[in-house]
Amino acid sequence: MHGTKIIVLRMKELIYTAIFAGVGIILLLLIVYLFVGKGRSEGKQDTADANERYQAGIYTKDITLGESTASLEVALDTDHIKSVKIVPLDESITTMYPLMEPAVKSVSNQLAAGVAPEEVELTKESKYTQQIIVDAVEEILEEQGAANQTVK
């Protein structure tokens, strides 16, 4: 009978070992599945992002000009910036800042032509005004998750 007990104890150990080995294999497979599944879904997201640089729509950002506040409106298409304008362009803003309208038009034309916001050429006459506009456009693009991406 003594021999039977030894066999039973060894059988228990074998059962425990088999159970722990099975749990270990299941955990290993689960970990592999999680990492491989995550890599595949990120790859699919990258290809979708490659086709669409921006989320199309019209976005606004308030900019402060002295004591006045103006609303900058940026129209984005999926692959480029369509236009930039100040809405509504108040008479008080045009009176106090006469270079605002030409500065917005200059920046808008360059961005619509495909120039990246960080590469916009600023004129001597309205360098600071244009820089405020470019900074606001960059903030809008960052909010849309399009930071560090170049424009076609």
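The values are calculated or read from the model by the stated rules, or taken from the named source; none is laboratory data. Source: prediction; values computed, not measured. We place every Cβ from the backbone using ideal geometry, glycine too, and count neighbours over all the protein chains shown.
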Practice problem: Find the residue count for segment 111-123, including only residues that are buried (at least 16 other Cβ atoms within 10 Å of the Cβ) and in a helix (DSSP H, G or I). | Solution: 3
Quiz item: Quick one: would you say Ile15 is modelled with pLDDT under 90, exposed (fewer than 10 other Cβ atoms within 10 Å of the Cβ) and outside the structural domain of Val134 (by TED's automatic domain parsing)?
Solution: no
Quiz item: Out of Ser108, Ser83, Ser92, which single residue is of a type outside the set (D, E, K, R), closer than 19 Å to Glu142 by Cα and in a helix (DSSP H, G or I)?
Solution: Ser108
Practice problem: Among residues belonging to segment 76-100 that are modelled with pLDDT of 85 or more and in contact with a Ser or Thr (Cβ under 7 Å, 6 or more places away or on another chain), point out the one that is surrounded by the most Cβ atoms within 10 Å (Cβ to Cβ). | Solution: Val84
